[in-house]
1. Tally up the residues in the range 1-28 that are outside any helix (DSSP H, G or I) and not charged (D, E, K, R), please.
2. Checking G28 against (1) modelled with pLDDT of 85 or more; (2) surrounded by fewer than 14 Cβ atoms within 10 Å (Cβ to Cβ), which single condition isn't satisfied?
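The values are calculated or read from the model by the stated rules, or taken from the named source; none is laboratory data. This structure is a prediction, so every number in the text was calculated from the model and none was measured. Note that each Cβ is placed from the backbone with ideal geometry, even for glycine, and that neighbours are counted across all protein chains shown.
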Amino acid sequence: MRQNMRAGVEYGFGKAAQQVDPAIALVGGKSGTAEHGPGTTPHAWFIALAPFDLTWLEDPCAVRATRVETLSTVSSSAQKF
């Protein structure tokens, strides 16, 4: 799962979350959607974790969650923080 979270930022929709030089800190993240009622467009969300290396579970420096209401996918503007 951790490799997939890093790949989501490195290659996927989360590219905008890697605002810091990767030589300083890697960022990992996960995007998704949340239904909130029948016949409505789902909310989109993105969670970013940094630094994303072997020590992040013991001593994370930053965790950021972003929610965008009534969007079916997380846009690059929603991933910036």
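1. Of the residues in the range 1-28, the ones outside any helix (DSSP H, G or I) are 1, 11-12, 18-28.
Applying the additional criterion that residues be not charged (D, E, K, R) yields 1, 11-12, 18-20, 22-28.
Of the residues in that region, 13 qualify.
2. It fails just one condition, (2).
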